[in-house]
1. Can you list the residues, at least 5 places off or on another chain, whose amide H is less than 5 Å from the amide H of ILE4, using H built in the peptide plane?
2. Run the dipole for segment 36-139 about the Cα centre, Lys and Arg Cβ at +1, Asp and Glu Cβ at -1, nothing else charged, and hand back the magnitude in debye, nearest 20.
3. Taking Cα atoms, how many degrees apart are the long axis of helix 81-100 and the longest axis of the chain, rounded to 10 and kept between 0 and 90?
4. For a quick protection proxy, order the peptides 47-54, 130-137 by their average other-Cβ count within 10 Å, most packed first.
5. So for the chain, averaging the separation of alpha carbon pairs under 8 Å that are six or more residues apart and normalising by length, what relative contact order in percent results?
6. For segment 61-106, what is the convex hull (Cα atoms) projected area averaged across all directions, in square nanometres?
7. Quick one: what Rg and Dmax do you get for the chain from the alpha carbons, in Å?
8. To the nearest 10 degrees, how steep is helix 113-131 against the longest Cα principal axis of the chain, on a 0 to 90 scale?
Amino acid sequence: MLRITDQIALEDWEITEHFVQSGGPGGQNVNKVATAVALRFEAARSPNLPAAVKARLKRLAGRRWTTEGAVVIQVSDTRSQARNREIARERLADLVRAATERPKRRIPTKPTRASQRRRVDAKKTRGRIKALRGSVDPE
């Protein structure tokens, strides 16, 4: 079980880990051991996540969200399989934690009268400069 917040905990059946060979440095050993981890969290089928959190998680996950509704996190940061597994679980927890936070509603504001005046004055000044660019009269 992976505890995210006080209310949300992910069950073991929702998370599957698949270990694959990692690229990058490691010498001859890199071709023998499977240290990279691909963690898959079945978010759409999760009974522990509210619908609003699932929707925000889908937006935050981006390309990591599959068509089946799962979040796939791939980690090959270290040469240690156990450490890569920990990093993947931490990233998943951070992602779900970020999805639990409701974004603040933007309150639209009106521009101040002074800012409107500055904008119009700047436009008029610019217009005068452009008006001077016309062809010169020979007289």
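1. ALA9, LEU10
2. Details: 29 positive and 10 negative charges, 142 e Å.
Dipole size: approximately 680 debye.
3. 50
4. On the way: 47-54: 14.0, 130-137: 6.4.
Ranked from most to least packed, the peptides come out as 47-54, 130-137.
5. Averaging sequence separation for qualifying contacts and normalising by length gives 21 percent for the chain.
6. On the way: hull surface 17.5 nm².
So the mean shadow area of the Cα hull is 4.4 nm².
7. Answer for the chain, Rg first and Dmax second: 27.2, 89 Å.
8. 60
Quick note: the coordinates plus some simple rules give every number you see, no bench work behind them. Here the structure is a predicted model, which is why all the values come from computation and not from measurement. So basically every Cβ, Gly included, is an ideal-geometry build from the backbone, and we count neighbours across all protein chains shown.
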